[in-house]
Amino acid sequence: VQPVESGGGLVQAGGSLRVSCADTGRTFSSYAMGWFRQAPGKEREFVAAISWSGGRTYYEDSVKGRFNISRDNVKNVVYLQMNSLKPEDTGVYYCAQKVGGLMAVAEGYTYWGQGTQVTVSS
């Protein structure tokens, strides 16, 4: 069962958006979670990751101080709160799951969602 993203949409530059990723098919709290994004014509890139407990987080440099990743292991949901959005944040946002520790490399993740589109207008 794939995780399912939601919450994408169109927002003006400087605005905020929160995307969510829900998992109903696995022991959610066993997995580290990551967010990646892919802009048109570009490769998928790492955005943020959170440990299984939520105690550790890791961010790509360009989103530090603007994005916040969190999780609720009771609701089986991971969130990505995005503030001060820029047009270069536009892309399809994917959540992914992996066993073990945090990782910023897509190949390390086992389960992937279908993605949710985030568009930031200038």
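The values are calculated or read from the model by the stated rules, or taken from the named source; none is laboratory data. Small disclaimer: the values here were computed from a predicted structure and weren't measured. Note: ideal-geometry Cβ built from the backbone for every residue, glycine included; neighbour counts use all protein chains shown. Just so you know, the surface numbers come from the protein's heavy atoms only, side chains and all, with ligands and any DNA or RNA stripped out. Shrake-Rupley method; radii C 1.70, N 1.55, O 1.52, S 1.80 Å.
Anything in the stretch 47-82 that is among the acidic types (Asp, Glu) and either outside any strand (DSSP E or B) or surrounded by 16 or more Cβ atoms within 10 Å (Cβ to Cβ) (or both)? List them, or say none.
Selection gives GLU60, ASP61.
Step by step: first the residues of the stretch 16-25, then only those that are touching a residue at least 40 places away in the same chain (Cβ under 8 Å) and surrounded by fewer than 14 Cβ atoms within 10 Å (Cβ to Cβ), then the one that is farthest from VAL120 (Cα to Cα). Which residue is that?
Within the stretch 16-25, the match that is farthest from VAL120 (Cα to Cα) is THR24.
Applying the selection to the stretch 17-46, what residues are part of a loop (DSSP other than H, G, I, E, B) and under 16 Å from GLU88 (Cβ atoms)?
Across the stretch 17-46, the qualifying residues are ALA39, PRO40, GLY41, LYS42, GLU43, ARG44.
Scan the stretch 83-112 residue by residue and report those that are among the small types (Gly, Ala, Ser), modelled with pLDDT under 95 and either part of a loop (DSSP other than H, G, I, E, B) or open to solvent by 30 Å² or more (accessible area, probe 1.4 Å) (or both).
Passing the criteria: GLY100, GLY101, ALA104.
If I filter the stretch 114-121 for residues that are within 15 Å of GLN2 (Cβ to Cβ), in a helix (DSSP H, G or I) and open to solvent by less than 40 Å² (accessible area, probe 1.4 Å), do I get at least one hit?
no
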